[in-house]
Ligand SMILES: C[S@@+](CC[C@H](N)C(=O)[O-])C[C@H]1O[C@@H](n2cnc3c(N)ncnc32)[C@H](O)[C@@H]1O
């Protein structure tokens, strides 16, 4: 009996040590590989926005940066190390594999806020149900932006994206957070040099709507999820494949912490 207790104790201790290894770091690498090395049921919340595969489009899309409707879009050259143009089936499989890993990492009361974009492809709505079907989608939040990333005289400016709330059974919002409703209006980010950053206020809304202590973003980009987590005194884990964005995120975190310390010291001396 005592041995069994010890085994259980060691098991939990090992899990804790393992996850602590990842806390408050941006881990460079492929998110599937890194997530597969993390212990199951160790994460409270995932907030993420994957590449949208925007350059694989039945329209002119981003294929021809000089002639197409997208010529002014910041994503015209893709990401630093990912060109965002996978064959659709391959892309869907990749994203489903990523969601499967996120679900494995989540605790029983955890949830994923998975940001994506709906679009018309071949005259039909591509609503991303091929990616999320079979996962426990609880709600779809509309993020209404104040503008879009392109303009074409044949189209109204696209001004919304979606956030799938994919939740395990025991997930609950923080008290009173449900009053935010399911249509959220936040300006898109314009000052961040990353080609597709979250606006910080959007992620602060998500973080503050939960009591999550460990928050993972497997497509961390410029580190927005990390900054929101730090602002609310939560732990973050970021994974990012492009070294350039890892450096960008680390610089941003360092600047935020320096500013925090400066403000704290100033208050102490008053
Ligand atoms: C939509 S952006 C995320 C931006 C982020 N939300 C922010 O606020 O800056 C998607 C990110 O996923 C990264 N990425 C692409 N493939 C990846 C992979 N296999 N593993 C980890 N990150 C990847 C890209 O480099 C890009 O920075």
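What the table below lists for this structure:
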quantity: Scope the stretch 207-220; condition within 28 Å of residue 53 (Cβ to Cβ) and assigned to a strand (DSSP E or B); matching residues; calculated: 215, 216, 217
quantity: Filtered residue count, the stretch 221-245, keeping only those that are part of a loop (DSSP other than H, G, I, E, B) and more than 6 Å from the ligand (Cβ to nearest atom); calculated: 4
quantity: Meets criteria (touching a helix residue (DSSP H, G or I) at 6+ places or on another chain (Cβ under 9 Å) and surrounded by 17 or more Cβ atoms within 10 Å (Cβ to Cβ)) for residue 177; calculated: no
quantity: Given (1) touching a helix residue (DSSP H, G or I) at 6+ places or on another chain (Cβ under 7 Å); (2) more than 9 Å from the ligand (Cβ to nearest atom), number of the condition residue 198 does not satisfy; calculated: (2)
quantity: Subset of the stretch 76-95 (residues that are more than 23 Å from residue 142 (Cβ to Cβ) and in contact with a helix residue (DSSP H, G or I) (Cβ under 6 Å, 6 or more places away or on another chain)); calculated: 80
quantity: Tally of residues being under 11 Å from the mean Cα position of the chain (by Cα) and over 20 Å from residue 146 (Cβ atoms) across the stretch 186-221; calculated: 7
quantity: Test result for residue 99, more than 11 Å from the ligand (Cβ to nearest atom), buried (at least 19 other Cβ atoms within 10 Å of the Cβ), at pLDDT 95 or above and more than 21 Å from residue 141 (Cα to Cα); calculated: no
quantity: Scope the stretch 29-70; condition buried (at least 19 other Cβ atoms within 10 Å of the Cβ), part of a loop (DSSP other than H, G, I, E, B), at pLDDT 95 or above and within 13 Å of the ligand (Cβ to nearest atom); matching residues; calculated: 49, 50, 51
quantity: Filter result (more than 30 Å from residue 243 (Cα to Cα) and assigned to a strand (DSSP E or B)) within the stretch 152-206; calculated: 167, 183, 184, 185
quantity: Count - residues of the stretch 174-195 that are more than 12 Å from the ligand (Cβ to nearest atom) and in contact (Cβ under 8 Å) with a residue 40 or more places away in the chain; calculated: 6
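The values are calculated or read from the model by the stated rules, or taken from the named source; none is laboratory data. For clarity, every value in this text was computed on a predicted model and none was experimentally measured. Note that each Cβ is placed from the backbone with ideal geometry, even for glycine, and that neighbours are counted across all protein chains shown.
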